Structure formats: C-alpha cells, structure tokens
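The values are calculated or read from the model by the stated rules, or taken from the named source; none is laboratory data. Quick caveat, the model's predicted, so the values are computed rather than measured. Cβ: placed from backbone, ideal geometry, glycine included. Neighbour counts: every protein chain shown. We work out accessible area using only protein heavy atoms, side chains counted, and drop any ligands, DNA or RNA first. Shrake-Rupley method; radii C 1.70, N 1.55, O 1.52, S 1.80 Å.
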Amino acid sequence: MTDAVAVSDLHVSIAGSHILQGVSFNVPTGGVTALLGRNGVGKTTTLRAILGLVASSGQIQVLGHDVENWPTHRIVRLGIGYVPEDRDVFSALTVEQNLRLAESSAAARYDDVFSLFPELKQRARQRAGTLSGGQQQMLSIARALLNDRPLLLVDEPSKGLAPKLVSEFASVLERAAEHSTVLLVEQNLGVVKRLADHVVVLDHGEVVHRGGAGDLDDPALVRRLLGVAGAA
Amino acid sequence: MSAFLVITFSGIALGAIYFLAASGLSLIYGLMDVLNFAHGLFMTIGAYLGWEIATRLPSSFGAPALITLAIVGATLGGAVAAGITELVLIRPLYGKPISQILVTIGLDLAAVGLLMGGFGSTALQIPVPLWLIEPTRIGSMFLPNANFLALGAGVVVLVVLEWFLARTRYGIIIRAGVENREMVRALGIDVGRAFTLVFVIGGAMAGLAGILYAVVFSGDLISPTQGDSLLIFAFIVVVIGGLGSIRGSAVAALVVGLLQDYTSFYIGGHSGWAQIGNLSTVLLLAVVLEWRPRGLFGRVV
Amino acid sequence: MRTWVSRHVGVVIGAVALTLFAVVPFVGVHVAWVLPGTLDIVNSTGTLEVLALCFMFAGVAVGYDLMFGFTGLMSLGPVLYFATGTYVFDIALTRWAWPLWPALLLTFGVSLVLAVVLGAIALRVHGIAFAMVTLAFAQAFFYLIESNPHNLTAGDTGLALSYTRLPSFLSGAVSNTRSLYWLALAFLVVAYAVVWLVSESVTGHVFVAIRENERRLDVLGIRPYRFKLISFVVSSLIATGGGVIYILVIGTAVPSVVASTTVTLSILIMVVLGGAGTRWGAVVGAMVYIYLQQFLDKVSAQPSFTTLPAFLRVPLSEPQFLLGAIFVLFVLFAPGGIAGQVGRFRAWRRVRALTVDASVDQ
Ligand SMILES: Nc1ncnc2c1ncn2[C@@H]1O[C@H](COP(=O)(O)OP(=O)(O)O)[C@@H](O)[C@H]1O
Ligand SMILES: [Mg+2]
C-alpha cells in the first residue's frame, strides 16, 4: 500500500524567512497521522505547501501523484478535504451556500453532515459570519466531510473551543478516519493520544521525530519535543 | 422647482452610468486585487464598436434598430475585449498585483494610441433615433428620454447582477472569492475561471457604460480618450462605495452623479467655476476618506 | 585598481556619462543617427532641448522611484506636484512679476503644503485605493488649472512664461539653451543626490521595510504612516523641481501637456522600464523613454512612411501605441526593467567566471 502523502526535502520561504528547511515525512494510508510541534514551527505551512497554497521546493506526493507545481484546485480534486486553522468559512454566505460551494459532485452527503451537526441544518439560511466560533468550526468540518474524500487535512480543530465541543469534534474525526486518511495538526495532547496512530514532530522547520502514537506516553520525550507537560 | 427636478433626474441618470462603469471595476478589484486601468479602454472600445455598427449597417434597418444593435454590440465588444485581456495579459501575472496594474496601463496607452491612429482624435458622431433626443413631458417638466435609457440600463444591470451574485453557483464563487480566494481554491474550485468571468462581466458593463455615456451625456459624440476620463469618476465611485461592494458602488454612483450635476448647475455657471462639478466629486472623496477610509460599504483596505 | 573599477562600475559609468553630458554643448559633430530627420547636430538647440527634457524627467523619475520603487507606494498623482512647479512658478513670474527667488520659494512652499495635506489624506488608504485616490486628486488639479480660476492659468490656451524678471542667462533666448541644459543636468544631479542620501539613510531603510512587509513594522512599534508621508513629500518636491525646470526650458505651460495623467503614466513607465528601486534604472528609463518618443515621432514623420500599407502605417505612426506595447512586453517578459536585465547579465557573467576558474583549477 502506498502512502497517502509523502513529503521529501520540502523547503518553503515566505517574505525572506526560510520557514520549512527540508521537511520529510509520510502519511500511511488509513488512520490518523498527527503532525505536532510548538507554535510557529511550520505545521500550518506544511499543510498549505501540500495543498499548493504556498510556493515550495522538494517532492510532494499526494494519493499517488507528484503534485509539485500543480494548481491548488487540481491537487484538492485528487480527493482532499481541508479544515483550515482559522476555519475560513465565508462569512458573507449562508451556511447552505458555504456547503454548496464545497460540493464537488451530486454524491455530496448532506444527510450525513446534517446528522453529525444538526445545528447546521437549523441554521442553513443564516449567514456564516454570524455563527459562533464552534458553529463555524462545525461548518468548516462539514465542508471537508461533505464529499467522500480519501484524505483529510485538519489543522487544529480544537483551537479556542470549549472541552465539550473538542470531544465532539474528536469523535467526528475518529469516525471519519475509519474510511479516510487523516493528517491532523493538533495542540491538544488528549485529542492526539485518542486519535493518532502515527506522530511526526516538527521543530525549527525540520522533522525531529517520527514514530507511533505510543511515543507520546513518554513524558520526557514529550517535554523535549513539544515543550509541554506530557501528562495532559 | 421644476429645474431642480430635471437636474435631479439627470444626476440620477449620470449616476446610473457611473454605476455601470464602477461596479465591474469594483468586482474585479474585490476578487482579484487588480486595479484594472484598461477599464476605461473597454468603455471606449464599446463606444467605437457601437459607432461602427450604427454607421456601417444600412440605414434601412431604421434608427431604433441601429441604436439597439449598437448598444448590444458595445456590451459584447467590451466583454470580449475584457475576456481576452484577462486571458492574455492578466493571467500570466497572477500573484503580481503591481505588474497587473502596469500591464493594464500599457494596454490602455497602446490601444488608445491605436484608436487615435485608426479613427483620428477628433470626436465621431453616433446616429441616434429622434425619440432619444426628445424629452418626455411629465406634468410641467420635460425629462430627456436619453436619461430614462441610462436609468433603465442601470437598474436592470443592478438587479441582474444582484441576482447573479446571490443565486448562481458562479456568483457564489465570486462572492466567496472576494472574501477569501485561497479557501475557494482549497475547496477544489478553479478560481481562474471566475477571474475571467468577472473580467467579462465588468467589460460588458464598461462597454455599455461607454456607449450610453456618449448617447446620453456627450451629444452622441465619442473620442478615444472618453473612457479614460470616465474611468476617473469610476475610481472615485469605487473608493467612496467601498472596494469590492456592488451595493456600495450603486449608492456612491448615485451620490456622485447627483453632486456633480447639482454643483455644476447651481455653481458652475459663475465665471471661473466651470469645473466645480468635477472638483466637487474629488472633494467628496477626500471627505469620505477622512471620515471612513474603507468607504461606505467596504471591508478594511 | 581593476577590482575597484569592477566593484564601482556604476559610479564610474555615472561619472563618465555626467562628464560627457556636461561638455556636449561645446562639441559640434554631426551625428545623423542620433535622431532621424532634422536634429542631427549634437549641440543644436533642438537636441540640447531634448536632452534637457531627458535630464529633467530623469530627475523626476528618480524622485518617483524613491516613493514607488523603494517605499512601494504606487501613487498615480506625481503630475500634481509637477504641474504645481510649472504653474505656480509661471504665475508668480508672469502674472505677478515676482523676482526669481521669491517665486521659487512660493512654488516649493505651495508644493510642500499640498504634498503634506493631500498625502496625509491619500495615505489613509493602502495599495490600490491609494493609487486611485492620488489619481483622483491629480485629476481634480487638472480640472482646476483648466478652469482658469481668476484668469491665473489661462486655461487650455496655455500660459507663456515671461522671462523679464529672470536673470539674463535664463531668459528665453535661443543662445541660452546651453545654460538651461546645464541647469537641467544640475537638477538631475541634485535630485539623484537627494534620493541617494534619503534611501541610504535609516529612514530609507524603513521605506524598504514598508515595501517588503508593512505589518511587520507595526509589530516593531514603528508607525509606517509618517515614513510613507516623508517619502511621498520628498518625491513630490522633486517633481515640483522638475516642473520648474520644464517651464524654464519649454517656456509655455499647457494643461493637457503638463497637468494631465499622461505625465504621471510617463513617469511611471520610465521607472518601470528602467527598473524600480534601483535609482539609476529610473535615470536610464527616462532617457530611453524620451529618446524613443522623439525617435518614433521623427520616424513616423519621414516621407517614405506614407508608402507603407495602412495596417503598418497606422500603428507605427502612433508613438503612444508603440511605447505602450513596449511597456507591456517589458512588464510581461522583463519585470525588473533594464536594471533587472543588467543584473541578470552580471550574475550570469559571475557564474560563468566561477565555472571557468573551476575548470582551470582542474
Ligand atoms: N504569510 C506569512 N508571512 C510571514 N511569515 C509567515 C507567514 N506565514 C507563516 N509565517 C511564519 O512561518 C512560521 C511558521 O508558521 P506556521 O506554519 O503557521 O506555524 P504553526 O502552524 O506550526 O504554528 C511562523 O514563524 C510564522 O510567523
Ligand atoms: Mg498553525
């Protein structure tokens, strides 16, 4: 089985600063791979480079295709659902229009996402800009799950949310991972331990650790790599 | 009082044309961050194409059919010119907003130069049917029919545009792209097509504005630089209304058109004040910028 | 010695060019290839006048480069300050018969006030809105001049400069073309020096930082607004200087020639053609632009031209078309302008020298 994503010697420079300095890792097909690291080490930039949203050099393979220099929309159409760090719902559009925009075929699973997030159905005609942070995150996740995508890139879904919502989103992702590969960026170690099968740790624009989820049970390692207490 | 109403009506008609000229510009800027300097050129191309149609086709068609065809041709001509511009000149420069402005400046100069070479720099006359010159009597007022034409065109375009942006898939893509272009791409949508589309739409409205301005306000005369002078007012309207906002453009166009007409009618007659109409619009721009830099309906710029 | 020369090749070329241009009025060789047609003597009045215009525009272009190339501010209104230079100076001398120095003081005073006030308003918006607003202000100024307020500007008729209050070496006589030529050259040197000093100073480094990433400055606690205004004002004052030189050399101010958007676009094109943000690029760009304009004008006036078929004659007889087309090609295919091409050539030579050295080593 090939990897869902394979990144090798990835470099990214933005406005003169060399943000990714030769990142290499792979995401095995199936399950959840967590991309970890302190704030500002380049996790979001890595996802954006995979999607072709920032210029990069190096090799990027997505779902069996070499996608360097591809336009973003072609990469995404290989079968990617993306939940960006800042939700990025379109605030001037209604919930329904946000979903319609994401729809890539007639097979869009509106019933599934509405049963996951009934609130979105009730608020279908509300402008997304007037939703709460949690509701916006629901919409952002729903957008990614609407089409049956083999690969999900999810960037800090729990950021700034109440614990109850965090665990709700974790369950949603857990279920999604049953038939999709998930590359998850997450700061909440509890969520990571619950979901992740594999971990990749970035620091200063380089991969400093690769391993199984069990590695996170070693508090010393966690402290060294992530600078947080391992007992979260 | 009756004079006041006539002036008001003419100001509204002028506003309608400013709206046609400005809303495409605003949409293009909102979606693509491109200041399209060639927008004035699209107006001029529309006007000249209209002139070609109205003068080349046999007069047996009858004046009303000729002017209708000219207006349709001007609209299509502006759309085609804009579409080609986007594909050939703007597309290779994606991600370089300054170069995109520069290339439209170069295009404008080159094409206006070409028009001067081909048609001469003196104004040409578009033949129009008599009823367009005559006024309609309402009560004790005589309102020029041409003003009704401008107003009608403005209202129809506003309604169609609002419908298109609110209801159609491409309209929604455009609105989403105005807000966050990258995220539209990340949903697997080819934003480039939406870019071409807004250029085509903007160009169509510009072509329409170009010929209507000639027919309604400049005594049926067209010249190679007319579009560029209109463009300045379109800029003023876009900034006052808020970049990227169609409704903002509509309101600002109305305000600017009225202000310009009132000031030139009531003040412009005094010697040395002939340009007050034009000047007042810039003054309004300065006031709006001091009070609300993002414009009436705009996001932060 | 060789290394010093190669490291300072720009300074050397600049010094040599300056010296050559300074002595041009003394030489009298026929050079038919300079411009086709009538102007074939290097120090003929016509040629000197064209060169003086070149220097004047080069100075204005360098000033614009400080704002556009270094600070990243795309103003579409430099003509406003250029026209201020032309008209205020012209009005003071011609309508009010002021002596030279008070007239100059008034001109730059008015320009300073206008630049500070209008710049402060326009800089409330960023990027493209700034471009639109500066364009609108400049256009308003054009309308103002055209409307001939209080019979000051003479409107579209144009206002001829009265030379009576000027020192004799500047008076409009043809024999004085030389002194005007040197004056224009001196203006270029001063403008270049000012831009050089400002752009190499700490303030100039802030300008570049604003161009690169304005938000980052906010993080550092530097307010970009004031620096942008400084850049705008310095650039505008230089444009005003250019306007004064213009009216001295040409002797008549006509709104469509000195106050219309065409002037702004010319300046912008000069800078982009030469290479923005390099100073010398703006100078070269201005020279090339004015030369091309004159050249194309002369070519299309050639009698043999009328024999061309229309599809060639019409476009080729419009300098504006050709300049616009050349500009489009530059933007598409040589984005760094002439300076960018020279830079690439030098980099290529360096790489080649290195590989040659390396192969010699083996
Ligand atoms: N558009 C940008 N301009 C300048 N710097 C950026 C930009 N985007 C990201 N960076 C910098 O790149 C680094 C990595 O950012 P990011 O990938 O968002 O980190 P993470 O997601 O790991 O927190 C940070 O230091 C950030 O400041
Ligand atoms: Mg991040």
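Brief remarks follow.
- Between residue B:91 and residue A:193, the FRET efficiency from the beta-carbon distance, with R0 = 41 Å, is close to 0.30.
- In a fully extended conformation the segment linking residue C:150 and residue C:223 would gain 22.1 nm over its present Cα-Cα distance, using 0.36 nm per residue.
- Paramagnetic label zone (point 7 Å from Cα along Cα-to-C-beta, residue C:353; backbone N under 18 Å) in the range C:272-310: none
- For residues of B:85-91, the mean tally of beta carbons on other chains within 10 Å: 1
- Protein-only accessible surface order, largest first, of A:88, C:218 at 1.4 Å: C:218, A:88
- Dipole of the range B:2-291, positive end: most advanced residue of B:32, B:226, B:143 [Cβ charges, Cα centre]: B:32
- Within a Gaussian network of chain A (alpha carbon springs, distance under 10 Å), most fluctuating of A:57, A:104, A:158: A:104
- Heavy-atom accessible surface of the range C:150-234: percent carbon and sulfur, 1.4 Å: 62 percent
- Of all the options B:289, B:197, B:14, the one that moves most in a Gaussian network model of chain B with Cα springs shorter than 10 angstrom is B:289.
- Magnitude of the charge dipole, the range A:86-148, Cβ model with Lys/Arg +1 and Asp/Glu -1, debye to 20: 220 debye
- Relative contact order (%) - criterion: Cα under 8 Å, at least six apart; region: chain C: 27 percent
- Volume of the convex hull of the range B:43-201 (Cα atoms only), normalised per residue: 165 Å³.
- Translational diffusion coefficient (Stokes-Einstein; Kirkwood radius from C-alpha pairs) of chain A at 4 °C, 1.567 mPa s, in µm²/s: 72 µm²/s
- For the range C:238-309: span of alpha carbons on each principal axis (Å, largest first): 44, 31, 20
- Over chain C, the ratio between the Cα radius of gyration and 2.2 N^0.38 Å evaluates to 1.05.
- Ligands, DNA and RNA left out, the accessible area of chain B computed with a 1.4 Å probe is 69% carbon and sulfur.
- With both labels modelled 7 Å from their Cα along Cα-to-Cβ, the residue C:298 to residue B:56 distance reads 3.8 nm.
- Number of partner chain Cβ atoms within 10 Å, mean per residue of B:168-176: 3
- Accessible area per residue in Å² at 1.4 Å probe, computed on the range C:45-333: 38 Å²
- Protein heavy-atom accessible area occluded, B/A pair - total, 1.4 Å probe, Å²: 1800 Å²
- Rounded to the nearest 20, the size of the Cβ-charge dipole of the protein assembly as shown about its Cα centre is 640 debye, with Lys and Arg at +1 and Asp and Glu at -1.
- The residue among B:189, B:205, B:216 whose Cα reaches farthest toward the positive pole of the charge dipole of the range B:159-238, with charges on the beta-carbon of Lys, Arg, Asp and Glu, is B:189.
- Charge dipole (debye, nearest 20) of chain B; +1 at Cβ of Lys and Arg, -1 at Cβ of Asp and Glu: 640 debye
- Local charge for residue C:305 was computed over the other residues whose Cβ lies under 15 Å away, with Lys and Arg +1 and Asp and Glu -1, and equals 0.
- Distance in nm between pseudo-label sites at residue B:271 and residue C:117 (7 Å out along the Cβ direction from Cα): 2.6 nm
- With R₀ set to 35 Å, the beta-carbon distance separating residue C:157 from residue B:7 gives a calculated FRET efficiency near 0.70.
- Across chain B, the mean sequence separation of Cα contacts (distance under 8 Å, 6 or more residues apart), normalised by length, yields a relative contact order of 35 percent.
- Chain A: relative contact order as a whole-number percent, Cα under 8 Å and 6+ apart: 27 percent
- Charge-dipole axis of chain C as Lys and Arg at +1 and Asp and Glu at -1 on Cβ define it, positive-most pick from C:70, C:294, C:240: C:70
- Residue with peak Gaussian network fluctuation, chain A [Cα springs, cutoff 10 Å], from A:51, A:195, A:116: A:116
- Share antiparallel - DSSP beta bridges, the protein assembly as shown, percent rounded to 5: 65 percent
- For the range A:86-148, the extents of the C-alpha atoms along the principal axes are 28, 21, 19 Å, listed from largest to smallest.
- Crossing angle, helix B:39-56 versus chain B [Cα axis fit, 0-90 degrees, rounded to tens]: 50 degrees
- Spatially near lysine pairs across the protein assembly as shown, Cα under 28 Å, sequence gap of 8 or more or different chains: 9
- Residue B:181 versus residue C:305: modelled label distance in nm, points set 7 Å from Cα along the beta carbon direction: 4.0 nm
- Three-way shape label, the protein assembly as shown, alpha-carbon gyration tensor, a/c 1.5: oblate
- Placing a label point 7 Å from the Cα of residue A:223 along the Cα-to-Cβ direction, the residues of the range A:186-205 with a backbone N closer than 19 Å are A:189-190.
- Solvent-accessible area buried by pairing C with B, both sides, nearest 100 square angstrom, 1.4 angstrom probe: 3700 Å²
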